[in-house]
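Beneath this line is the structure, given in structure tokens, with notes to follow.
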Amino acid sequence: MNRTYREYTDYHHEPGGLLRLDLIIDALQECAGSGAVSELNVLEIGCGSGNISRAAASLGCQVLGVDIDADSIVAAQANNPFPNLRFEIQDARHLPMSPKYDAVICSEVFEHLQDPMGLMRTIHNLLKPNKWLLATVPNGYGPEELLRRFLVTTTPGKKLGRILQKVILIHDTVQTQNWDSPHIQYFSLGRFLALVEKAGFEVIQVRNWTAFFMQAYYLFLRVVVKRASPLFQRLDAWDRTLAERWPLGLGGGWFIVARRIAFEGEI
């Protein structure tokens, strides 16, 4: 497949970012079916600085990217070259229920939420029947996530744990301008898939989007490997190849495609 959409993203600077982006874009192409991908109406929830939304818009989709962080939306708007792409400072729970969307992208969001089921139900309501949720989450039992939990549960008070997280696990990510949004959900693959299905979705695809480079980078490699350096790019490319062969339960993060179906009590 032609990967020219990569020109509109900074995810070559993000460990695991390109495979995550490729999986999302490939799924959008599949979601279009026999129709043109440019006919899709796409919503990205938690769009951050707009990397995924810009890539999707480069395909011709009508894209709305929303995020609650104002600085991220300002950055996204400043780098938006597409008339078919809009960004809004918006809580997804307050979006109008019309128009409905052909695909909702929600990448690295659910682990930040007190009520992930609430957002799942919102997404269900925003999608057209039989259309797709494209979600990614980190492995809550990977080494970096276990360290996050350790810092909070073994320090006197959550506030100190959060401070230690910022010092030890600071993420100079290209995804967002909001670096003060801690992980408060730690998903196993089984728990996340159960959440998806309970909200009225049928899981149709599960893939690793990283084997371990993302977690290794933020744990220790960022000290010695410059972001987007030739060594960074080689390690990331190796991880993309490895992720395709890595056992699902041991992946550093997962990509899930789920189709909207009716949930109990829906008319």
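The values are calculated or read from the model by the stated rules, or taken from the named source; none is laboratory data. A quick note: this is a predicted structure, and the numbers were derived from the prediction, not measured. A quick note on method: Cβ atoms are made from the backbone with ideal geometry, for glycine too, and the neighbour counts reach across all protein chains shown. Please note that ligands, DNA and RNA were not included when accessible areas were found on the heavy atoms of the full protein model with its side chains. Shrake-Rupley method; radii C 1.70, N 1.55, O 1.52, S 1.80 Å.
Screening Leu231 against (1) open to solvent by 30 Å² or more (accessible area, probe 1.4 Å); (2) in a helix (DSSP H, G or I); (3) in contact with a Gly (Cβ under 9 Å, 6 or more places away or on another chain) leaves a single unmet condition, (3). Quick check: anything in the stretch 196-208 in contact (Cβ under 8 Å) with a residue 12 or more places away in the chain, loosely packed, with under 15 Cβ neighbours inside 10 Å, of a type in the set (D, E, K, R) and part of a strand (DSSP E or B)? Yes, the stretch 196-208 contains a residue that is in contact (Cβ under 8 Å) with a residue 12 or more places away in the chain, loosely packed, with under 15 Cβ neighbours inside 10 Å, of a type in the set (D, E, K, R) and part of a strand (DSSP E or B).
To keep it simple, each residue is scored yes or no on (1) modelled with pLDDT of 90 or more; (2) over 16 Å from Pro15 (Cβ atoms).
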position	(1), (2)
Gln175	no, no
Ile184	no, yes
Ala199	yes, yes
Glu202	yes, yes
Thr210	yes, no
Val223	no, no
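For the stretch 199-249, the set of residues classified as of a type in the set (S, T, N, Q) and under 23 Å from Asp26 (Cα atoms) consists of Gln205, Asn208, Thr210, Gln233, Thr241, listed by residue number. The C-beta contact set for the stretch 110-126 (first residue open to solvent by less than 10 Å² (accessible area, probe 1.4 Å), second residue of a type in the set (Lys, Arg), distance under 8 angstrom, 6+ apart or interchain) comprises Met120/Lys198; His124/Arg260; Leu126/Lys100. If I filter the stretch 183-195 down to residues being out of contact with any strand residue (DSSP E or B) (no Cβ under 9 Å at 6 or more places or on another chain) and not in a helix (DSSP H, G or I), which single residue comes out as nearest to Ile261 (Cα to Cα)? Within the stretch 183-195, the match that is nearest to Ile261 (Cα to Cα) is Ser188.
Take Leu219 and tell me if it is farther than 29 Å from Gln77 by Cβ, modelled with pLDDT of 65 or more and open to solvent by less than 40 Å² (accessible area, probe 1.4 Å).
Details: farther than 29 Å from Gln77 by Cβ: yes; modelled with pLDDT of 65 or more: yes; open to solvent by less than 40 Å² (accessible area, probe 1.4 Å): no.
Against the criterion (farther than 29 Å from Gln77 by Cβ, modelled with pLDDT of 65 or more and open to solvent by less than 40 Å² (accessible area, probe 1.4 Å)), Leu219 does not qualify.
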